[in-house]
Amino acid sequence: MANEAQPCPCALGDQFDYKALGNEIQIEHIKAYISKPKTSTDKAIIIVQDVYGWELPNTRYFADLLASHGYIAVVGDFFTGKSPWDPSYDRKDFFNWLETRPANKAYIEAEVIMKYLKEQCQAKNIGVIGFCWGGIVTHYLMLKYPELKAGVAFYGLVREECDKYNLLNPTLFIFGENDPIIPLEQVRSLDEKLKENSKADYKVKIFPNQTHGFAHRKKEDINPDDKPYILEARKDMLEWLNKYIN
């Protein structure tokens with residue numbers, strides 16, 4: 001999520017003054033936020049937080065958005081009680097902080113949430129989305145779990161040496177053209193390697209003039225130039241999930 005050229009996390013951006021509609025619950029060792037649609041459904045989405053944690057109102061907004069479109073949505077605390085990144089922290093400490101929260105180990109929490117959705121919510125069709133650090137987690141999960149019918153990774157790029165192109169199910173990757181954390185050449189390389197290796201459907205989409213976090217950390221009403229792209233990215237997410245989770 002960060003690299004040697006810019007050893008710091010993304011800026012917090014606009015924190016939504018949003019009052020969530022769902023509820024906080026406990027799923028085994030994980031605290032979580034759950035939002036449910038008004039009618040019963042067997043469709044569910046796991047939402048993986050960014051470095052700012054599971055309590056960020058911006059992320060809970062997406063859970064409520066997905067619930068309004070017919071999905072049970074769960075934002076789990078994938079840091080399992082460890083503190084999220086705080087903008088007041090010293091940037092030079094970021095890599096050490098991140099090493100204690102490895103994205104490639106988040107499958108442990110994902111499995112707990114999947115079990116809950118299947119057993120307690122009777123979910124039969126499950127997908128996953130994630131932002132920033134959670135976008136990286138989403139990519140990893142889509143390499144590991146065939147039961148995840150679709151994934152949407154927002155501005156998360158796997159840089160570790162691993163077999164990262166053999167997607168098991170359709171995955172949408174969303175990036176910003178002016179992301180200072182994820183260079184465009186790395187995004188294009190991902191697209192090329194997926195084209196060569198992925199048997200599952202995928203799409204890599206780059207949004208013009210957008211920076212890291214644009215789809216969930218910018219308020220569209222106070223960023224008029226960015227608003228069309230913010231709304232388009234959210235629409236793309238919903239259309240991708242609706243296409244493959246049914």
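The values are calculated or read from the model by the stated rules, or taken from the named source; none is laboratory data. Treat the numbers as computed from the prediction; the structure is a model and nothing was measured. With ideal geometry, Cβ positions are generated from the backbone for all residues, glycine too; neighbour counts draw on all protein chains shown. Areas reflect the complete protein model, heavy atoms only, side chains present, ligands, DNA and RNA absent. Shrake-Rupley method; radii C 1.70, N 1.55, O 1.52, S 1.80 Å.
Evaluate the distance, in nm, between pseudo-label points positioned 7 Å from the Cα of Asp221 and of Lys38 along their respective Cα→Cβ axes.
Going by the 7 Å Cα→Cβ label model, 2.2 nm.
Probe 1.4 Å, all protein chains in place: accessible area of Ile206 in Å², nearest 10?
Rounded to the nearest 10, that gives 60 Å².
I need the Kirkwood Rh of the chain: take the reciprocal of the average 1/r across all distinct C-alpha pairs and report it in angstrom.
Computed over Cα pairs of the chain, the Kirkwood hydrodynamic radius comes out at 17.9 Å.
Using the Kirkwood formula over every pair of different C-alpha atoms, what hydrodynamic radius in Å results for segment 80-179?
One over the average 1/r among Cα pairs gives 14.7 Å for segment 80-179.
Keeping every protein chain present and rolling a 1.4 Å probe, give me the accessible area per residue for the chain in Å².
45 Å²
So what is the 222 nm mean residue ellipticity for the chain from helices alone, if each DSSP H run of at least 4 adds -39500 (n - 2.57) and you divide by all residues, rounding to the nearest 500 deg cm²/dmol?
Value at 222 nm, helices only, nearest 500: -9500 deg cm²/dmol.
Please list, or write none, the lysines whose alpha carbon is within less than 20 Å of the alpha carbon of Lys118, excluding same-chain residues fewer than 8 places away.
Lys31, Lys36, Lys38, Lys43, Lys144, Lys149
Can you send over the solvent-accessible area of Tyr18, 1.4 Å probe, protein chains only, in Å² to the nearest 10?
Approximately 70 Å² of Tyr18 is accessible to the 1.4 Å probe.
Taking +1 at the Cβ of each Lys and Arg and -1 at the Cβ of each Asp and Glu, which of Phe78, Asn104, Tyr33 sits farthest along the dipole of the chain towards its positive end, judged by Cα position relative to the Cα centre?
My answer, from the dipole projection, is Tyr33.
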